[in-house]
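Working notes for the structure below.
Only the coordinates and a few stated rules stand behind these numbers; no lab work does. Being a predicted model, the structure only gives us computed values, none of them experimental. Every residue, glycine as well, gets a Cβ built from its backbone with ideal geometry; the counts of neighbours run over all protein chains shown.
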Amino acid sequence: MVKYCPTCNRSSQDFRFYGQFCEVCSIKKMEESLPKRIEIKECRSCLKIRSRHDFLPKNEESLEQILKERFSGYDLELLFADESKAMVRIIKHTPDGPLSAEKELGIVIGKTTCENCARKAGGYYEAIIQLRGRQEKMDKFIEKTKKFFESHNAFVAKVKEEDNGFDIYLSDKKLARSFISGMGLVPNTSYTLYGMKNGKRLYRNTYAVRI
Ligand SMILES: [Zn+2]
Ligand SMILES: [Zn+2]
């Protein structure tokens, strides 16, 4: 039986139909149901942008990931983006087949402060690596530590010179532990109680490392 679209009267002999509506009207309806712009939260200090679980370096890949999270009922592909807009292809899967549309989304940047930068500003640390050894090796170790922590969305709070080495203050104790293990080192670990949170004791870990 030939169908006619109730909106535009196109016929199912000439156009694909999705439910009672023709393809053209179905795509239009889908486009209209989508938001025209979306707000992305950006850290005013490190300029990373917020995804559902984390702050990510700002690039097309992270923007696409964030858009995919926002349009969770659809397949989404980022075609193009600049500071104020993103062009995306959006596909909705329906019982009558996939509906695909290209859409321009306005991007509004909202400023915030990520947890990392807030902690950094507050002098937060969870672990200290007490590094002892030869100067040259220690310099390299400190550089590697900084790179490793930055690439894992964490940070080196400070590096303090001691009589016979350096104390490296770190924002994440688990990450500190896995970094040391990854370097093939076995630390001497000690724990210092520094506070309580929700009835739980909070410890800072000190890892003594000789290289
Ligand atoms: Zn129509
Ligand atoms: Zn930040």
Positions within the range 50-83 being touching a residue at least 24 places away in the same chain (Cβ under 8 Å) and assigned to a loop (DSSP other than H, G, I, E, B), in sequence order = Asp54, Phe71, Glu83
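Quick one: would you say Lys29 is in contact with a strand residue (DSSP E or B) (Cβ under 9 Å, 6 or more places away or on another chain) and either assigned to a strand (DSSP E or B) or away from ligand 1 (no atom under 16 Å from the Cβ) (or both)?
When the stated conditions are applied, Lys29 does not pass them.
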ask   = Does Gly123 fit the bill of being within 16 Å of ligand 2 (Cβ to nearest atom), over 18 Å from the mean Cα position of the chain (by Cα) and within 30 Å of Glu162 (Cβ to Cβ)?
value = yes
query = Of (1) surrounded by 14 or more Cβ atoms within 10 Å (Cβ to Cβ); (2) within 28 Å of Lys111 (Cα to Cα); (3) of a type in the set (D, E, K, R), Glu23 satisfies all except one. Which?
reply = (2)
task = Could you please let me know if Ala118 is within 29 Å of Tyr203 (Cα to Cα), assigned to a loop (DSSP other than H, G, I, E, B) and either of a type in the set (A, V, I, L, M, F, W, C) or over 27 Å from the mean Cα position of the chain (by Cα) (or both)?
result = no
query = For the range 126-157, which residues satisfy the criterion of being on the phi > 0 side of the Ramachandran plot and more than 16 Å from ligand 2 (Cβ to nearest atom)?
reply = Gly133
request  = For Val2, state whether it is without any contact (Cβ under 8 Å) to a residue 60 or more places away in the chain, in contact with a Phe, Trp or Tyr (Cβ under 8 Å, 6 or more places away or on another chain) and not in a strand (DSSP E or B).
outcome  = no
inquiry  = Need pairs with beta-carbon distance below 8 Å; first residue under 16 Å from Ala101 (Cβ atoms) and in a loop (DSSP other than H, G, I, E, B) and within the range 5-23, second near ligand 1 (Cβ under 8 Å from one of its atoms) and of a type in the set (Val, Ile, Thr); sequence gap 6+ or separate chains.
reply    = Phe15/Val24
